[in-house]
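FYI, it's all coordinate maths here, none of it is from the lab. These numbers come from a predicted model, not from an experiment. Reconstructed Cβ throughout: ideal geometry from the backbone, glycine too, with neighbour counts over all protein chains shown.
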Amino acid sequence: MSFNRLLSALGIAVFLAACGKPAEDPAKTPAAPTQAGPVAPPAAAPAEAATVSVALDSEGLRLVTETGSTRLLAFGRPTAEAVEVLTGVLGAPANRSVNQECGAGPTEFVEYGNGLTALFLDGRFTGWSADRESAELVTFMNGVGVGSTRQQLTEAFADLTVEESTLGLEFTAGEVSGLLDKDGPTGKVQAIWAGTSCVFR
């Protein structure tokens, strides 16, 4: 065999050997193992907001938390501020209206679904009233409210007076007033109010 033919044969052999070796597919090459980082703990669930309720007070309305701490929403607070606070606790008002004929002047009534109505005069929170729907839902801190008996009123308010009026059997205890359904210790509170009122005697 000539030298040239020998080189040609060797070249073909090298070429075939190179072609016979399959190329490594980088896509099939397993990735190098990675070190997993620390797993972040799940975010803590936000603490539940403390439950707040509203209690009656001769100076306004008292906001009471589950722990027993209280804050007074006092008469004299601006209307928008007082409504915002009460709405945050009681939900949106069931009704808002204005009575132009109240003795104190045009009075706005903001009624909530629990039988409580807040009264506003001249852009200020000036009074509240509670009707039969408020029974056991809205009371004073001592538990007295609509549905309580005259005996319970006597025990709760040292300055209680009861007398017949054009409204019916009316009681007063300091700045608080209301109506009883009948005379005697078992008579029950039918309505109660404090601050500005709009009653027609």
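Odds and ends about this structure:
- Within segment 139-160, considering residues that are outside any loop (DSSP other than H, G, I, E, B) and of a type in the set (Val, Ile, Thr), the one nearest to the chain's Cα centre (by Cα): 139
- Test result for residue 174, exposed (fewer than 14 other Cβ atoms within 10 Å of the Cβ) and farther than 16 Å from residue 192 by Cα: no
- Among the residues of segment 131-164, those identified as more than 24 Å from residue 68 (Cβ to Cβ) and surrounded by 14 or more Cβ atoms within 10 Å (Cβ to Cβ) are 131, 133, 149, 150, 154, 160, 162.
- Annotation: of all residues in segment 178-198 being within 31 Å of the chain's Cα centre (by Cα) and in a loop (DSSP other than H, G, I, E, B), the one that is farthest from residue 128 (Cα to Cα) is 198.
- Candidates 168, 123, 115, filtered to the one that is on the phi > 0 side of the Ramachandran plot, of a type outside the set (Lys, Arg) and crowded, with 16+ Cβ neighbours inside 10 Å: 115
Residue-wise test of (1) in contact (Cβ under 8 Å) with a residue 60 or more places away in the chain; (2) among the aromatic types (Phe, Trp, Tyr).
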site	(1), (2)
93	no, no
108	no, no
139	yes, no
157	no, yes
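- Tally, over segment 79-130, of residues that are over 22 Å from residue 177 (Cα atoms) and of a type in the set (Lys, Arg): 1
- Residue in segment 123-133 that is without any contact (Cβ under 8 Å) to a residue 24 or more places away in the chain and not in a loop (DSSP other than H, G, I, E, B) present: yes
- With respect to the conditions (1) part of a strand (DSSP E or B); (2) within 27 Å of residue 143 (Cα to Cα); (3) touching a Phe, Trp or Tyr at 6+ places or on another chain (Cβ under 9 Å), residue 98 falls short on a single one, namely (2).
- Residues (out of contact with any Lys or Arg (no Cβ under 8 Å at 6 or more places or on another chain) and either closer than 25 Å to residue 66 by Cβ or of a type in the set (Asp, Glu) (or both)) located in segment 118-130: 118, 122, 128, 130
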